[in-house]
Amino acid sequence: MAWISRNWTMIGIIKGLIVTMKHILQVGNRKTVTVQYPYERMKVAPRFRGKHAVDEDACIGCGICEVNCPNSTIQIVKYDTRWFPEFNLGMCLFCGLCVDACPMNALKMTGDYELADYTRESLVYGPERILFKKEVSK
Amino acid sequence: MITNAYELIVAILSAIGVYDMILGYFQDMGMEFILKVIIVLVEIAVLLVFVLLTVMFLSWLERKMFAVVQARYGPMVTGPRGLFQPIADGIKLLSKEDIIPATADRWIFTLAPYIVFVSVLLVYIPLPFGESLIVSDLRVGLLYIIAISAVTPVSILLAGWASNNKYSLMGAIRAVAQDISYTIPLAITAIAVVVFVGSLSTVDIVNAQQGYWFGIIPKWFIFLQPLGFILFLIACIAEMGRIPFDFQESEQELVAGFFTEYSGMKFAMFFLAEYAHLFAVSGIIVTIFLGGWTGPAIPIIPIQITSLIYFIIKTYAVIFFAMWLRDTVPRVRIDQLLHIGWKIMIPLALLNLLVAAFVVTAGVI
């Protein structure tokens, strides 16, 4: 019974009730922290590691990313006369080692995180979905 | 003098001028009782629709308030501010598979949710929604309410036992222990009010609270018996099984308590019963301690409508408090619950009754 003789004034409960009442009445800056996800999105961090992207002009198809990948996510495939990496994102752990290892700085990771899909096959991102062309300023 | 909803319907029909015509039509066939049955069925239908709409609104309100307190949005997509979310939930539950576990006691398992719902619905019968807006003014109204509330733990125990699941049984045992230990202070504090009124009828209790002291303070029993009100409120929250006393559910420990194994329509029945119970118990608190449907009369508008509005406002204030408490506090331990019930609430309730009886006998009020 010690706990009740200690807390018989119920100060803690009353303080808590005041805090929740402030939330209900929106006293002070109590903005909603969640967002209405499919309709609005939070900004991802600038160094967020999402889906990969390969610079079409810079990539030389050397295969160093393939060697460095801990999960054998990457395979070098032929695409339109040149060789490019192909990512099986079902196995990728988004560690970013391929990006670190690229000698031409052709690889980067985008902020795209909505990668869920219906089949395993559609998780294999070939060069047609990975490549991008850097805007060259003249 | 109109005293209940049946007579009110008859009076409305007479005012329109169709009652005599209908009555004559049935009298020609020699079957007036069919007209009575029809009017009673209309009453029941109105009550059921009211209860269902209330349950829908309350479940939305509860989720929304919880979300606001936690700095979330809550339901937003279905309808304006997610107001139609309960309809979507109901349709989902109705279309779900109705699973009965292989080892469950089929009959009791199927019966239990309906007993819970019916026992909650029966509480509405002597509940005065407003001047003459009462299904039946029983002379033993308060006793009836307490007796019917005592059916709920039985059906909860049936549900927990029939599920043949350790979590269900555990939740049911806890719920029964809690209900038994909190019905006693509930009944004793109610008796303290009955001592003042001299009647168990809910209408008499409300009528005794009309008028003002010194022209300002309404003659509500909350001002006469503040201790009794606090005890009654705590006991009611415990009997409803809401946080901080939600031992029948205990979702962190017991999955979902006694309705762990229920799904589909049967789960919906428990859900309906929970919120219908919340409204009924809040209505009882309002009737006994907060003056029921009494309030300043507004000219032109008939008293049936104003009293209904006062009752609804007061009831929602009590419901708001219960939800506010749920959003704030964690659950107490089971031994703490029983300590509070037996060692604090019951002695205080007896003291309250003693003081009330003394005051009435001495003729102070």
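No value in this document is a laboratory result; all are computed from the given coordinates. As the structure is a computational prediction, the values presented were derived from the model and not from experiment. Ideal geometry is used to build each Cβ from the backbone, glycine not excepted, and the neighbour counts take in all protein chains shown.
So here's what we get for this one:
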| read-out | value |
| --- | --- |
| Shape call, region B:81-121: gyration tensor on alpha carbons, a/c limit 1.5 | oblate |
| Kirkwood hydrodynamic radius of chain A, from inverse mean 1/r over distinct Cα pairs, in Å | 19.1 Å |
| D_trans [Stokes-Einstein, Kirkwood Rh over alpha-carbon pairs] for region B:226-365, 37 °C, 0.692 mPa s, µm² s⁻¹ | 188 µm²/s |
| Dimensions (Å) - region B:79-216, Cα atoms, principal axes, largest first | 64, 42, 25 |
| Kirkwood Rh (inverse of mean 1/r, distinct Cα pairs), region B:150-234, angstrom | 15.2 Å |
| Mean separation of Cα contacts under 8 Å, 6 or more apart, over the residue count of region A:1-112: relative contact order % | 28 percent |
| Debye, to nearest 20: dipole size of region B:96-362, +1 on Lys, Arg Cβ, -1 on Asp, Glu Cβ | 340 debye |
| Enclosed volume per residue, in Å³, of the convex hull spanned by Cα atoms of region B:119-196 | 90 Å³ |
| Relative contact order [Cα under 8 Å, 6+ residues apart], region B:15-135, whole percent | 11 percent |
| Debye log10 I(q)/I(0) at q = 0.14, 0.18 Å⁻¹ for region B:1-139, Cα point scatterers | -0.93, -1.09 |
| Assigned charges on the beta-carbon of Lys, Arg, Asp, Glu; the protein assembly as shown dipole about Cα centre (debye) | 1580 debye |
| Estimated FRET transfer efficiency when R0 is 22 angstrom, pair B:Leu83-B:Ile309 (beta carbons, to 0.05) | 0.60 |
| Angle in degrees between helix A:11-25 and the longest Cα principal axis of chain A, rounded to the nearest 10 | 60 degrees |
| Peptides ranked, highest mean first, by Cβ atoms within 10 Å: ranges A:98-105, B:338-345 | B:338-345, A:98-105 |
| For chain B, convex hull volume per residue from C-alpha positions, Å³ | 174 Å³ |
| Peptide A:34-46, shielding by other chains (average Cβ, 10 Å cutoff) | 1 |
| Two-site FRET efficiency, B:Lys219 against B:Ile100, from Cβ-Cβ distance with R₀ of 56 Å, rounded to 0.05 | 0.60 |
| Ranking of A:Arg82, A:Arg47, B:Arg331 by count of other Cβ atoms within 10 Å, fewest first | A:Arg47, A:Arg82, B:Arg331 |
| Diffusion coefficient, µm² s⁻¹, Stokes-Einstein with Kirkwood Rh over alpha-carbon pairs of region B:54-111 at 4 °C and 1.567 mPa s | 96 µm²/s |
| The protein assembly as shown, helix-only ellipticity at 222 nm - DSSP H runs n ≥ 4, -39,500 (n - 2.57), divided by all residues, nearest 500 | -17500 deg cm²/dmol |
| Unmatched cysteines, the protein assembly as shown - criterion: no other Cβ of a Cys under 4.7 angstrom | A:Cys59, A:Cys62, A:Cys69, A:Cys92, A:Cys95, A:Cys102, B:Cys236 |
| Average projected area [Cα convex hull, region B:282-354], square nanometres | 6.8 nm² |
| Surface/4 estimate of mean projected area, convex hull on alpha-carbon atoms of region A:52-132, nm² | 5.0 nm² |
| Gyration tensor over alpha-carbon atoms, region B:273-321, equivalent ellipsoid semi-axes in Å | 22, 10, 8 |
| Chain B: relative contact order in percent, alpha carbon pairs under 8 Å with at least 6 residues between | 22 percent |
| Farthest positive-ward along the protein assembly as shown dipole, Cα basis, beta-carbon charges - from A:Gln36, A:Ile74, B:Thr287 | A:Ile74 |
| Choice from B:Leu348, B:Leu278, B:Leu13 showing the highest fluctuation, given a GNM over chain B with Cα pairs closer than 10 Å | B:Leu13 |
| All lysines inside 28 Å of B:Lys166 as judged from Cα atoms, apart from same-chain residues fewer than 8 positions distant | B:Lys92, B:Lys96, B:Lys266 |
| Three semi-axes of the equivalent ellipsoid, the protein assembly as shown, Cα gyration tensor, whole Å, largest first | 60, 29, 24 |
| Within straight-line cross-link reach of A:Lys31, lysines at Cα separation under 22 Å, skipping those fewer than 8 residues along the same chain | A:Lys15, A:Lys22, A:Lys43, B:Lys64 |
| Proximal aspartates and glutamates relative to B:Lys343, as straight alpha-carbon distance under 14 Å, when same-chain residues fewer than 8 apart are discounted | B:Asp335 |
